[in-house]
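This report refers to the structure that appears directly beneath it.
No value in this document is a laboratory result; all are computed from the given coordinates. Predicted, not measured: the structure shown is a model, and the values here were computed from it. For neighbour counting, all protein chains shown are included, and Cβ atoms are generated from backbone atoms with ideal geometry for every residue, glycine included.
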Amino acid sequence: MNFNFLPKYLPYFYDGAIVTLLIAIFVVLFGLIIGTIIALLKLSKYRALRIIAEIYVEILRGTPMLLQIMVWFVIIKIKLPSIPIGILDVDLEGLMIGIFALSLNSGAYISEIIRAGINAVDTGQKEAAHSLGLRPLKTMRYVILPQAIKNVLPALGNEFVTILKDSSLLGSLGIMDLLWGAKTVQTDTYQSLSPLLVAGAFYFIMTFIVSRLFLLVEKRLDTGNLR
């Protein structure tokens, strides 16, 4: 085992890490939007909406993520050009489908996180808002949800870390991410273990930094200081 390939092939890891990070950012962003909507549906007073949300969550959480990604790759057919990211020529079509599939899955998990955060907000907050004349939607938007997001920030940080790692499933389907870069180096150098160890180091560094950033934001929120 040696790493003499690094000077030549390091850009595959750097650029692959950038793609992986972009995937995770978009997935968590879209997943947060989807999850918030699903959480609100599950808390709705209308039984039909609660059933729809429950079915969504159960299906997405009860089937393998890789299977879901493969299904969407078969169903969705769009024609998009490739985009250059460093030395990588990333297939935009596959990237968008992958982000879409991961976002739907992440939304199911985030919905439970958000729902727990909403339920954890003191009911007195809602009553106080209503006494000030705020309608239910504005109460949820301006009073309940901001506090719920603050309550579940550690869990959202864990979800971001999970997506950073699970995005490697897209690399197995040909998306030019960090894992794809490692597999390309394997093919070119005929080394099986070393490129994987380098990719693992990149994943660890990214997840470590993200975890510490979320921890820092959480501490700033606790002290009421985001400067």
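Points to keep in mind about this one:
- Matching option when the condition is among the β-branched types (Val, Ile, Thr), without any contact (Cβ under 8 Å) to a residue 24 or more places away in the chain and exposed (fewer than 15 other Cβ atoms within 10 Å of the Cβ), among THR139, THR187: THR187
- Which numbered condition VAL57 fails, given (1) surrounded by fewer than 16 Cβ atoms within 10 Å (Cβ to Cβ); (2) within 19 Å of the chain's Cα centre (by Cα); (3) farther than 16 Å from LEU169 by Cα: (1)
- Unique match (being under 20 Å from the mean Cα position of the chain (by Cα), surrounded by 12 or more Cβ atoms within 10 Å (Cβ to Cβ) and within 28 Å of ASN158 (Cα to Cα)) among ILE51, ILE34: ILE34
- Some residue of the range 150-165 being farther than 18 Å from SER211 by Cα and crowded, with 17+ Cβ neighbours inside 10 Å: no
- Some residue of the range 193-202 being more than 16 Å from the chain's Cα centre (by Cα), under 18 Å from LYS8 (Cα atoms) and not hydrophobic (A, V, I, L, M, F, W, C): yes
- Taking the criterion of being within 21 Å of ALA39 (Cα to Cα), surrounded by 17 or more Cβ atoms within 10 Å (Cβ to Cβ) and of a type in the set (Gly, Ala, Ser), the residues of the range 80-136 that qualify are ALA101, SER103, SER106, GLY107, ALA108, SER111, GLY117, ALA129.
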